[in-house]
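Here's the structure we're looking at; comments come further down.
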Amino acid sequence: MKKRFSGTKVIWLLALMLAAAAVCSFCLGRFSVSPRQLFGILLSRIIYIEPFWTGTMEVVVFNIRLPRILLACLVGCSLSAAGAAYQGVFQNPMASPDLLGASSGAAFGAALAILLGASSAIITLSAFLSGIVSVALVLLIGQRAPGKKVVNLILAGIMVSSIASAATSFVKLVADPSNQLPAITYWLMGSLSGAKRGELLFAAIPMAIGLIPLFAFRWRINILSLGDDEARSMGVNVNMLRTAAALCATLLTAASVSVSGMIGWVGLVMPHICRRLAGNDYRFLMPASMLGGAFFMLLIDNISRNLLSTEIPIGILTAFIGAPFFIYLILRRGGRI
Amino acid sequence: MGKRLLALLLALVIALSVAACTAKPASTAAPSASPASEAKQTPGKTIKFKDSTGREVDVPAEIKRIAVTGPSAQTVVFALAPDMLVGVATPFADSAANFLNEKYLKLPVLGQLYGGKGQINLEALLAAAPQVVIDIGDTTGNIAADMDSLAKQTGIPFVHISASIGKMGETYKMLGELLGLKNEAKVLGDYCDEIYNKTTAIANSAKKVSVLYCLGDKGINVIAQKSYHSEAIDLLADNKAVVASPSSKGTGNEVDMEQILKWDPEVIIFAPDSVYKTVSKDPSWQKLKAISSGRYYEVPYGMHNWMGFPPSVQRYMGMLWLTKILYPKEATYDLYTEIQRYYKLFYHCDLTQEQYKAMMVNSLG
């Protein structure tokens, strides 16, 4: 694998891009707030300034734009980090955050909660818990089955995913078509619309629990690529490492999906794009994936909330914008992904 | 090297959490800030309005600008206060261009809200500057929580008003109180109650006619008895379609031709775009009583499907029409006059005889 820049440079570059994108995102929106007013509103949190803006502008900036930008960054970062972790743990380039059934499980939990007429806070909670339960089930099956652990886990993940998908389809079948069904369909397409501070705080805790260990122990994921026997000879408990990394990635996925709905693609492809930039070494790849995922999600969300007067579901955009770009990368550089 | 990065990430996490925490006072500051701005826009005081969830909501005493959360609220509110709408949830059907005043067709599309999430872009909603956002429909258990959190986030009051087919009078009464249009709302509410009472009285006085409502590209999907979409049919007729688990979907339950032959109803109604045009030439459909005797009709479609998709006030037109074709002797009213009245009241336009005829070409046998 050739790479153009050193890992550190890539990370600094991505961090800079993310910061620039965050600043730009603040200025963008359907409600017009001039940069001067925006600056004044933000600064007025720290020092007192005589308001030269309206109260509605303050609502837009603090209650609508700020939670949304933070949530986009967190979700992008988490999904991409989870994808990178799964790809390393299972040594499989096809691995993505939904590998162990976290997404499908969360989708079922959300659909069920919508069917039962729950409020949005309960829908989020139900999605999160049912994502975690699905993965717990997969791990349990994987532990009990004899033979190759990794293969068993992946197979169990596929099976639990398909059960959850079937259950979601059933919920859609019996849902009330005038309000519940469109709500479920919309939820499944993924969206950050209506991001609230409560959702942000709810997601931030499991995300932090997942992200910090993945970042701190990222070099250990490199050891897994040596193969189980080699790793064991270096005194690493392979099973524990694998389970721990998978659990962190699962927390990240379930938390993301529960607040944003199903957003595919990012967790699969962002780590690959970062691999091209930063190389295969997880010491650089993991932070690059985190920053790259956040940057990409922020970019997509800006399109989602600004292009039309109504929101465009973000799950559709990630695939429509991301996939062609990725195909272009494959064709241009050639070689193995 | 690795330590520097760790420090960077930690700094990022801290920065994020600080941002989230410093932002926190904004939520408490926002409600106090937004009424101030509203006061600037609309001089006048606020009053308490008790909505269908039992919430006491502070709304401006004089409301001039409103927004809606979905198509069923849109249809109901459009009838009462079309000029107050700052935008619509879903665009009007193409056919609406023939009827509606152009200024309504130009209303911006703000999108639909499903529970807490939705197509509605909150910034676009705030930019349209409604004084209140109205949600109309079934009152489900947790709708109050969603309304509260949206109101808190945007600083605009959100109210929910419940609606169902037999109780539109009450829905309009509440809406009229909210918008200061009590008399206008009473006219609409009385109309709904009048049609409901008139058509059900006719149906109850006669022997209920057996009916099937068939849809789909093969015509073998039926709207089953006791399902969400069969409310109007169940009220007015003997819906033959009894299945074990009625689907609440707009596409109904799929059955087979044998089952339809077994039910053999007196009258069949077909959804627009179903098989109405071809059944008379189809040997298996010909065996049915309704087809051979010519008592089969297509559901009228004018602005919306009259039998209710989405189920909203246009179902009163469906009830008028269904009663007319099922009980022609008992239903002595003139359908054109009734439909014209509906169009005037609910769509604010004059329905000409030609437009009516074009709409009903397959619907009156």
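The values are calculated or read from the model by the stated rules, or taken from the named source; none is laboratory data. Note that the structure is a prediction, hence the values are computed from the model and not measured. Counting neighbours? That spans all protein chains shown, and the Cβs are built from the backbone with ideal geometry, glycine included. Ligands, DNA and RNA are stripped out before the accessible areas are found, and what is left, the full protein with its side chains, is counted by its heavy atoms. Shrake-Rupley method; radii C 1.70, N 1.55, O 1.52, S 1.80 Å.
Would you confirm whether any residue within segment A:223-242 is open to solvent by 10 Å² or more (accessible area, probe 1.4 Å), under 30 Å from B:D148 (Cα atoms) and not hydrophobic (A, V, I, L, M, F, W, C)? No, every residue in segment A:223-242 fails to be open to solvent by 10 Å² or more (accessible area, probe 1.4 Å), under 30 Å from B:D148 (Cα atoms) and not hydrophobic (A, V, I, L, M, F, W, C).
Of all residues in segment A:252-301, exactly one satisfies the criterion of being open to solvent by 20 Å² or more (accessible area, probe 1.4 Å), in contact with a Gly (Cβ under 9 Å, 6 or more places away or on another chain), assigned to a helix (DSSP H, G or I) and not hydrophobic (A, V, I, L, M, F, W, C), namely A:R283. Could you list, in sequence order, all residues of segment B:265-296 that are over 32 Å from the mean Cα position of the chain (by Cα) and charged (D, E, K, R)? Within segment B:265-296, B:K281, B:D282, B:K287, B:K289 qualify.
Each residue in segment A:40-56 was checked for being out of contact with any Pro (no Cβ under 9 Å at 6 or more places or on another chain), open to solvent by less than 30 Å² (accessible area, probe 1.4 Å) and facing chain B (nearest Cβ under 9 Å), and 1 of them qualify.
In segment B:338-352, the qualifying residues are those that are open to solvent by 70 Å² or more (accessible area, probe 1.4 Å) and part of a helix (DSSP H, G or I), and the one that is farthest from B:Y191 (Cα to Cα) is B:K344. Taking each residue of segment B:295-307 that is at positive phi and assigned by TED's automatic domain parsing to the domain that holds B:Y327 and looking for partners that are of a type outside the set (S, T, Y) and open to solvent by less than 10 Å² (accessible area, probe 1.4 Å) with beta-carbon atoms closer than 6 Å, six or more apart or interchain, yields B:M303/B:A96. Does B:D138 fit the bill of being closer than 21 Å to B:K173 by Cβ and at the interface with chain A (Cβ under 8 Å from one of its Cβ atoms)? Considered against the rule, which asks whether it is closer than 21 Å to B:K173 by Cβ and at the interface with chain A (Cβ under 8 Å from one of its Cβ atoms), B:D138 comes out as yes.
Of all residues in segment B:213-253, those satisfying the criterion of being at pLDDT 75 or above and β-branched (V, I, T) are B:I220, B:V222, B:I223, B:I233, B:V242, B:V243.
Taking into account only those residues within segment B:195-208 that are surrounded by 19 or more Cβ atoms within 10 Å (Cβ to Cβ) and not small (G, A, S), which is farthest from the other protein chains (Cβ to nearest Cβ)? Filtering first and then ranking leaves B:I202. Go through the residues of segment A:4-23 one by one and say whether even a single one is open to solvent by 40 Å² or more (accessible area, probe 1.4 Å), in a loop (DSSP other than H, G, I, E, B) and within 29 Å of A:G210 (Cβ to Cβ). Within segment A:4-23 (the criterion being open to solvent by 40 Å² or more (accessible area, probe 1.4 Å), in a loop (DSSP other than H, G, I, E, B) and within 29 Å of A:G210 (Cβ to Cβ)), the answer is yes, since at least one residue qualifies. Among the residues in segment A:102-115, are any of a type in the set (F, W, Y) and either buried (at least 24 other Cβ atoms within 10 Å of the Cβ) or part of a helix (DSSP H, G or I) (or both)? Taking every residue of segment A:102-115 in turn, at least one turns out to be of a type in the set (F, W, Y) and either buried (at least 24 other Cβ atoms within 10 Å of the Cβ) or part of a helix (DSSP H, G or I) (or both). Counting the residues of segment B:181-192 that are more than 15 Å from the chain's Cα centre (by Cα) and surrounded by 17 or more Cβ atoms within 10 Å (Cβ to Cβ) gives 6. Looking only at residues in segment A:141-195 that are of a type in the set (V, I, T) and open to solvent by 40 Å² or more (accessible area, probe 1.4 Å), the one that is modelled with the lowest pLDDT is A:V174. When you look at B:V159, is it open to solvent by 50 Å² or more (accessible area, probe 1.4 Å) and modelled with pLDDT of 90 or more, yes or no? When the stated conditions are applied, B:V159 does not pass them.
Candidates A:L137, A:L125: the one that is in contact (Cβ under 8 Å) with a residue 24 or more places away in the chain and within 14 Å of chain B (Cβ to nearest Cβ) is A:L125.
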